[in-house]
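The values are calculated or read from the model by the stated rules, or taken from the named source; none is laboratory data. Note that the structure is predicted; figures quoted are calculated from it, not measured. Positions of Cβ are generated from backbone atoms using ideal geometry, with glycine treated the same way; all protein chains shown enter the neighbour counts. Accessible surface areas use protein heavy atoms only, side chains included; no ligands, DNA or RNA. Shrake-Rupley method; radii C 1.70, N 1.55, O 1.52, S 1.80 Å.
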Amino acid sequence: MKHGVIRRLIALSVALVLCAGTAYAASSDFQDVPEGSAYAEAVAHLSQLGIVKGLSAQSFGPERTVTTAELATFLGRAAGVEIDPAAGQEGLTDDGWSAGSVAWAKSAGLLDEQAQYDQLTAGEINGILGRFCAMVGVEARTADGATRGDLAVALDAIASDSFQRLSGVKYTTVATAEDWGPAIGKVILDLGVELDPESVTADKFSAVSVRTVPGFDFASMKPTAPAPQPAQRTVTAAYVCDENGGKAESGTHVAVEMKIGPEETAGSPFNYDFISGLNSYVDTSYVISLTAPLSTKAGVPLSMEPTDAQGAAGGVTLLADDFTEGTHSWTGGGKEITLSYASWLPHEDAEKGSTPLIIWLHGAGEGGTDPTVSIIGNKVVNLATEDIQKLFGDTGAAILAPQTPTMWMDLDGTATYRNTENTDSGRSYYTDALKSLIDQYLADHPEIDTDRVYVGGCSNGGYMTVNMIVEFPDLFAAAYPVCEAYDAAWLTDEMVESIKDLPIWLTHAKNDPTVVIYEGESDPENYMAYNLKLDENGDPIPKDNFSNNLYNRLTAAGAKNVHYSLFDDVHDTTGLYNGADGKPYQYMGHWSWIYTLNNQCVETIGGEEVTIFQWLSQQSR
């Protein structure tokens, strides 16, 4: 995590805009502010701070009566609140500068019944100032009259009180791999000043994600120019933390946690490209602002200017950052292929031949040249958690996640799907390159037990899993293909015979709309849904392809250690996410890898319930 920013602490309690004027001028330039007048010094001070603007470059309007719009604009800036000048509410005029501030002042309880452009009396100004000062925790100051000059004197007195305002605050995003993909659920603010933990609460923070992504014109089937897509995030918690985001009793950092979920797309650091069919990182920044001041450890009120893209100090992706990235190049048969990969070792000093290796082959959307995409696009990082690692004993298990620049089902290196061409071969363009990568990894890591190398993957990676075991059946100790897309037409009887003694655990869901194994049709109103066709007894009708075909042919050939977790659907099992009907959230039926990577595939073997990774840990060549 990169930090090291010099904080600029400004001792003031206000960020004042007294009008909608666009030109800035110091008081000496205001021709209507006589030198030596009661308000001249206050106007000069506030102007030099850049928090007062005149009616024009030459006119401040010191004798003009203050309006609600002017004072509300000041209060919003003073609280450090990010306000869209035009974001008003019903009954307010969208004048391009004050509607948002008036709406905020009303919601904060600072205004009574004053209308947007009412000219205020001294009593009304002082009542509003009193409520504001109470809110920010400074001594209340009063204006002697209702003019802009009178207000400037009061504001200058408030600005001279002890009050810290931060600008240029740096922040770090924290992402996690979830069942549906990656999510940014936390932003760590580096405020650079010791805080009073009791003053840090969720209701004082506003969070807006700004994802700059290309659009897509479905009419022309072409991408459109990238554009910022701001979206309000729901803040669920805020607390003082250490620089890594862990809760702390004291400190200078604040963690702002936000709601995440399968439909909270504003929290995703990924964008899916409809042209390439790949997920990739997008430029994401965060606007974090305060709706009310915090307090320093010394009890001084603290506000801050909203964060922006310039404040982004990087991002952390939990678990994924513990993986090592690399590339492997292979040349042969007139091909020159480079594969990326991410890998993880449970111990740096493991004994020779002590550690099993789990290989994961990604789906079509996780191809490319950034292997982090392949381990958080699906929750592959979960394999590195204690719950999985402990199943493999004291040594744990190493993890290797190769990544193809296109997809594993590539026919010829041009991102052409093999199943779109009339070919009776299921061999991937990347077969030999992947075998070379695995061989090189084993050679570079003598701690790997070559008798316990396990291969699996989802969808496109499930296809590649089957491709690899029929090509190199003696390399692996077991395989765990998920929603595998290896067409039955490619699978010869000789291939089945060659792998019948290899331990294999298949996973699929009946309502998979992508790699279809049951009769049915896609729901025209919900691309995530697949409606199963039922027979006269009300049972779904299986098709003889993919996982169904592979399992049936293996068992018919006499396979003794083959298992099949066949789910009705894919739904949330955490209890955190529900659909509109109040039932567990329904994911696309293709996403059966959720069950695999969460170790939720369970079969009864030898009279005992065994999970998929518990079973995998017991297999040896």
**Message:** Would you confirm whether or not the range 69-82 contains a residue that is surrounded by fewer than 18 Cβ atoms within 10 Å (Cβ to Cβ), out of contact with any Cys (no Cβ under 8 Å at 6 or more places or on another chain) and touching a residue at least 12 places away in the same chain (Cβ under 8 Å)?
**Reply:** no
**Asked** What are the residue pairs meeting all of these: first residue in the range 550-578, first residue closer than 11 Å to LEU506 by Cα, second residue β-branched (Val, Ile, Thr), Cβ atoms under 6 Å, and 6 or more apart or on different chains?
**Response** VAL562/ILE504; SER565/THR507
**Request:** Output yes when any residue across the range 409-416 is under 30 Å from ASP568 (Cβ atoms) and in a loop (DSSP other than H, G, I, E, B), and no when none is.
**Result:** yes
**Asked** Restricting attention to the range 69-84, does a residue exist that is in a loop (DSSP other than H, G, I, E, B) and at pLDDT 90 or above?
**Response** no
**Subset of the range 177-220 [modelled with pLDDT of 95 or more, part of a loop (DSSP other than H, G, I, E, B) and of a type in the set (Phe, Trp, Tyr)]** = TRP180
**Message:** Condition (residue is farther than 25 Å from LYS390 by Cα, in a loop (DSSP other than H, G, I, E, B) and touching a strand residue (DSSP E or B) at 6+ places or on another chain (Cβ under 9 Å)) applied to the range 349-365: is it met by at least one residue?
**Reply:** yes
**Matching residues, the range 97-126, being within 36 Å of the chain's Cα centre (by Cα), open to solvent by 50 Å² or more (accessible area, probe 1.4 Å) and farther than 22 Å from GLY149 by Cβ** = LYS106, SER107
**Request:** For the range 83-96, name all the residues that are among the β-branched types (Val, Ile, Thr) and either open to solvent by less than 20 Å² (accessible area, probe 1.4 Å) or under 31 Å from the mean Cα position of the chain (by Cα) (or both).
**Result:** ILE83
**Prompt:** Among the numbered criteria (1) farther than 24 Å from GLU494 by Cβ; (2) out of contact with any strand residue (DSSP E or B) (no Cβ under 7 Å at 6 or more places or on another chain); (3) open to solvent by less than 40 Å² (accessible area, probe 1.4 Å); (4) among the β-branched types (Val, Ile, Thr), which single criterion is violated by THR514?
**Reply:** (3)
**Message:** Checking the conditions here, which among ASP424, ASP449, ASP394, ASP387 is modelled with pLDDT under 95 and more than 21 Å from TRP330 (Cβ to Cβ)?
**Reply:** ASP424
**Asked** Among the residues of the range 521-545, which ones are out of contact with any strand residue (DSSP E or B) (no Cβ under 8 Å at 6 or more places or on another chain) and either open to solvent by less than 100 Å² (accessible area, probe 1.4 Å) or more than 25 Å from TYR463 (Cβ to Cβ) (or both)?
**Response** PRO524, GLU525, ASN526, ASP535, GLU536, ASN537, GLY538, ASP539, ASN545
**Message:** Please go through (1) within 20 Å of ILE376 (Cα to Cα); (2) surrounded by 14 or more Cβ atoms within 10 Å (Cβ to Cβ) for GLU263 and return the number of the only condition it doesn't satisfy.
**Reply:** (2)
**Message:** Any residue at all in the range 160-176 that's part of a helix (DSSP H, G or I) and open to solvent by 20 Å² or more (accessible area, probe 1.4 Å)?
**Reply:** no
**Asked** Does the range 177-201 hold any residues that are closer than 28 Å to ALA134 by Cβ and open to solvent by less than 30 Å² (accessible area, probe 1.4 Å), and which are they?
**Response** LEU189, LEU191, VAL193, LEU195, SER199, VAL200
**Request:** Just give me the residues in the range 136-153 being assigned to a helix (DSSP H, G or I) and open to solvent by 30 Å² or more (accessible area, probe 1.4 Å), in sequence order.
**Result:** ASP150, VAL153
**Complete:** Restricted to the range 567-577 and to residues being open to solvent by less than 90 Å² (accessible area, probe 1.4 Å) and either of a type in the set (A, V, I, L, M, F, W, C) or part of a strand (DSSP E or B) (or both), the residue farthest from VAL516 (Cα to Cα) is HIS571
**Request:** Could you identify the single residue in ASP242, ASP321, ASP273, ASP283 that is under 20 Å from the mean Cα position of the chain (by Cα) and free of Cβ contacts under 8 Å to residues at least 40 places away in the same chain?
**Result:** ASP321
**Prompt:** Is it true that ALA219 is without any contact (Cβ under 8 Å) to a residue 60 or more places away in the chain, over 25 Å from ASN460 (Cα atoms) and of a type in the set (A, V, I, L, M, F, W, C)?
**Reply:** yes
**Prompt:** Being open to solvent by 20 Å² or more (accessible area, probe 1.4 Å), basic (Lys, Arg) and farther than 23 Å from ASP196 by Cα, is that true of even one residue in the range 324-335?
**Reply:** yes
**Item:** Conditions (1) open to solvent by 30 Å² or more (accessible area, probe 1.4 Å); (2) under 22 Å from ASP84 (Cα atoms); (3) not hydroxyl-bearing (Ser, Thr, Tyr): number failed by GLU249
**Value:** (2)
**Request:** Take the range 586-602 and flag every residue that is in contact with a Ser or Thr (Cβ under 9 Å, 6 or more places away or on another chain) and open to solvent by less than 50 Å² (accessible area, probe 1.4 Å).
**Result:** MET588, GLY589, HIS590, SER592, TRP593, ILE594, TYR595, THR596, ASN598, ASN599, CYS601
**Prompt:** Can you name every residue in the range 348-384 that is more than 18 Å from VAL282 (Cα to Cα), open to solvent by 20 Å² or more (accessible area, probe 1.4 Å) and either at pLDDT 95 or above or small (Gly, Ala, Ser) (or both)?
**Reply:** ALA350, GLU351, LYS352, GLY353, SER354, ALA364, LYS379, ASN382
**Message:** Can you tell me which of (1) under 17 Å from LYS204 (Cα atoms); (2) surrounded by 15 or more Cβ atoms within 10 Å (Cβ to Cβ) is the one VAL316 doesn't meet?
**Reply:** (1)
**Complete:** Listed by first then second residue, the pairs whose first member lies in the range 386-399 and is under 11 Å from LEU345 (Cα atoms), whose partner is hydroxyl-bearing (Ser, Thr, Tyr) and not in a helix (DSSP H, G or I), with beta carbons under 9 Å and at least 6 positions apart or on separate chains, are THR395/SER354; THR395/THR355; GLY396/THR355; ALA397/THR355; ALA397/TYR454; ALA398/SER343; ALA398/THR355; ILE399/SER343
